[in-house]
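Worksheet: the structure to be examined is printed underneath.
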Amino acid sequence: MDILTLFIVVPVLVILALVFTKDLKQARIISMIGGLVQLGMAINLLFAYFRERAVNDVVMLFTRDLVWFEQFNIHYNIGVDGISVSLILLTSIIVLAGVFISWKMEELPKEFFISLIVLATGVYGFFISIDLFTMFVFYEIAVIPMYLLIGIWGSGNKEYSAMKLTLMLMGASAVLMVGILGIYFNSNADGGALTFNILEIAKVNIPFEAQKLFFPLTFIGFAILGALFPFHTWSPDGHASAPTAVSMLHAGVLMKLGGYGIFRVAMFLLPAGALEWSWFFIILSATGVIYGAFAALRQTDLKYINAYASVSHLGMVTFALLMLNKTAWNGAILQSLSHGFMTALFFALIGMIYGRTHTRDITKLGGLLKVIPFISVVYVIAGMALLGLPGFSGFVAEMNIFMGAFQQDSMFYRVATIVSISAIVVTAVYVLRVVGIMLMGPVKNEAYNNLERTTWYEKTGIMLLLIPIVGIGIAPLWISNLIMESLQPFIQGVL
Amino acid sequence: MELSSFLLMRHEISLLAIILLLIIAEIAIPDHKKSSILHLALLFFGIHTAVGFLPLAESFLFGGMFRSNDMIHFFKGILNIGVFTLLLQSAEWLEKNMLSQERGTEFFILLFASLLGMYFMISAGDFLMFFIGMELSTLPVAALAAFEIIKRESGEAGIKFILSAALASGVSLFGITMLYATNGSIYFEDILITLTAENLTLLGFLLFFAGLAFKISLVPFHFWTADVYEGAPIGIASYLSVISKGAAAFILMILLFTVLKPLMHIWEPMLYVLAVATMFIGNIFALRQENMKRFLAYSSIAQAGFILLGLMTGSQLGTATVVYFVTIYIFSNLAAFGVVQAISTQTGKENMKDYEGLYRTNPKLSLVMMLALFSLAGIPPVAGFFGKFFLFTAAASEGYYLLVFLAVVNVTISLYYYLLVIRAMFVRKGEAPIPFFENKLYMKLGLLITVIGIVVLGLYSPLYDYIYQLSAGLN
């Protein structure tokens, strides 16, 4: 069994084991073991990748190619580069943290963990696929469990949110499917056979007309998952209704599929289309960045604040990808990683606060620093990371993005960049506003004086997410190098 | 003519033998042992299904009236599995309601007669055989739809079905006469040579097409569907939506791709319009259905619209993807109807509202339903996704990107109403959920077959390759 297929096989085995569990205790232990194994595999993959990369400079490492549907030239074709390795690592950490955060999932625990792991399987599969068809299959596998996860275990207006989220994301995948078919039927433009293989298609010069037609379909198909303005409306509702671990996994990992897909499929395979359309999507992205930030400013529900912050920060990812240069791309990937950890951490903390106080309305909370110091301090740290304080991952990412963006010297790009940068100020305002109202000041509610202390599993979950944030912030070079060298084929192909 | 050449009709002969045996059994078996007929019929048909998969030569009989090739043979096998599954699923209903009225044997005889008609219809080499087959496959179903005589709705369904079916057949036959008038022959092979797009031929083709469109329930020939499904016994609704529709789609494809190929410039745009209309109308009407049978009726209308996408291509890829899609559709829809059947037989409940909280009381049944609905909606990794993806690929291969786009919009709409059922079963807790019940062995087997089909047909790629090879000879 090769090192990558294990990322499919192990979760499937965990799911099979979960089917036979009887109660919460068994389910969570098995999920935790599964999560630990996956984290171990991801770390192992990272080192194996470094070793292999030193001696081998093909685009994708650890490739494996099995014919699946011969007639359509569909293969089970997998491989990784530095970008996917880093995202796989992100996924495995958040999955494990998610299991810890769901330690007390009382209702239908077995089904909950199974759905969660199905989602994770889809995500792993998506990141390792080189074949468009396989990638698409995994994409849908990752999305559909969200319906059950939000519908069954969610809160508030969950039926509406679950339906809206699922329909918008599956609608996105439907649009994407047309884009993929368009790419597929143009993959023989240079006289070869039709293929779904991304690396093969990248070598083909797809006719300009086709690129112009299919780029927006592919782009929007992925960008809806990446919460691109104005297709972001599923995200705040979905996050607000989802249970904690699902918000974490969804904002932390699933939304990253969008950015990754845009980069790996839409831009890599249809570079001329990307050039043609970039102005349009830059406007949307920049609007999203600033709109998300201002929307977060006005919200009082913690989850909505964080969901809109996600819209803003993921807007930066698409914005950076469309800047079409190496520095900005590096920033985009770093932002994906950094945002993944930060937003998962935020949702975890919000879940803990909600679990104790039973409200997410910041106007009803106050002085939490005095009563639940651990959670509050971490919240402040995460907030600092989100607003891009040096020393945390957010700074490294945004620095790269805007450095890259300023390399474009036309008026249009300058204006868009300045608009986007101004969102950082707003970010600082909404982060500090929450910190001020919710954490500082006197304790507003008597009952909050004896809240439950942070438990070991909550602390473990938090630390799992906090360490990478600080780690990337203090020592960004190794991960930056990992990403940078993998950008080479994109630079040759797209620029 | 050698006697052994009749073995080409092995499916038909063996089914006819079963029908005769059942008639004898009906007379010979004393009344108090009548329930054994059920087991006997299942046993016979099980053997018939298994034997049906033995290879069969490619040839023709009666000077080309009857023909068989590997694809037709394969498709008869699929129909057999479908009917067998359907019988397993209906066994309990038969035992409970029909045997007591001494009408168990008739059910089997009528159903098998209709299946025999389908065999002849898809094996037809000329329009006469085709028409006889179509009539034979339709008439018994009208009786079956009215089978629950104590229910008014059932009788109503029977009347509605026979009236619309008779009209459709009449129109179709009128069309055939016109085709005969202009071509001087009813043999497909002769017509293929002489067929030209003159006015009378076109009129004949249109009338003929309407008859088949009725069976597949394409818009605007779909009005009977929901009412008949709702009134008929569930097994028969399932038969109409799965077996009858599958066989009709299959023969329509064969006719369009072979005999009527010279008219492709006519039927291609026609199918385009029909596909769009059928998908949208089926889906939009399905949105608000409360009764599960009506719901599945409209869902199956929409599915027929998807089939048209593959029919438009007229290529080998189109043939293969249509047969693949129909095969998967048979299993998915049988699973959905099977669950509805199980619940209805046990509790008499057929509304979506009754399904609320089902997962908490009957998890296995809910999971089967979820698989079936996901397959119908086209969500991986179950088979329906592959069927749909390939069908759309076939349409895109001819450059119909706009149509594919409209189709995927419809997939998203359809997902909404499939999720409504899933919401009822999994998300809602319900005020009075259906209590837990254990299914009988036959029902379990019937559902198991469909589940295996739904899971394996997609992921196991050699099946598609096999169908693709079979379709090589058809174009």
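Some notes on this structure:
- Loop-exposed GluC sites (Glu not before Pro) per DSSP, neighbour cap 15 Cβ within 10 angstrom, longest uninterrupted part of chain A: A:108-451
- Stretchable slack from residue A:440 to residue A:488, in nm (0.36 nm times residue separation minus alpha-carbon distance): 12.5 nm
- Residues A:12, A:371, sorted so that the one with the fewest Cβ neighbours within 10 Å comes first: A:12, A:371
- Loop-located trypsin sites (Lys or Arg not before Pro) across region B:400-436 with a Cβ neighbour count of 15 or fewer within 10 Å are B:429, with loop assigned by DSSP.
- Given R0 = 22 Å, the distance between the Cβ atoms of residue A:447 and residue A:300 translates into a calculated FRET efficiency of 0.65.
- Longest DSSP-loop-exposure-free segment, GluC sites (Glu not before Pro), chain B, at most 14 other Cβ within 10 Å: B:291-430
- For region A:6-494, fraction of C-alpha pairs farther apart than 34 Å, in %: 30
- Working note: 222 nm ellipticity from helices only, DSSP H runs with n ≥ 4, each -39,500 (n - 2.57), summed and divided by the residues of the protein assembly as shown, gives -24000 deg cm²/dmol to the nearest 500.
- Under the simplified labelling scheme, the residue B:128-residue A:233 pair shows an inter-label distance of 6.3 nm, with each label point 7 Å from Cα along Cα→Cβ.
- Electrostatic bookkeeping for residue B:80 treats Lys and Arg as +1 and Asp and Glu as -1; over the other residues with beta carbon under 15 Å from its beta carbon, the sum is +1.
- Helices that extend 20 Å or more along their long axis by alpha-carbon positions and average at least 1.0 on the Kyte-Doolittle scale are, among the DSSP H runs of chain B, B:10-28, B:36-52, B:104-123, B:127-145, B:199-216, B:264-286, B:292-311, B:316-347, B:363-377, B:383-397, B:401-422, B:441-459.
- Fewest-first sequence of A:478, A:234 by Cβ atoms within 10 Å of each Cβ: A:478, A:234
- With a simple spin-label model that places each label point 7 Å from the Cα along the Cα-to-Cβ direction, the separation between residue B:290 and residue B:152 comes to 1.8 nm.
- Listed by Cβ neighbour count within 10 Å, with the fewest neighbours leading, B:417, A:291 appear as A:291, B:417.
- In percent, rounded to a whole number, the relative contact order of region A:6-494 is 15, using alpha-carbon pairs under 8 Å and six or more apart.
- Axial C-alpha extent at least 24 Å, average Kyte-Doolittle at least 0.5 - helices from chain A (DSSP): A:24-55, A:82-101, A:109-128, A:158-185, A:208-225, A:271-298, A:302-322, A:326-357, A:411-434, A:456-474
Every number here is computed from the coordinates shown, using simple stated rules; none is lab data. Only a predicted model underlies this, so the values are computations on that prediction, with no experimental measurement involved. All Cβ positions, glycine included, derive from the backbone under ideal geometry; neighbour counts span all protein chains shown.
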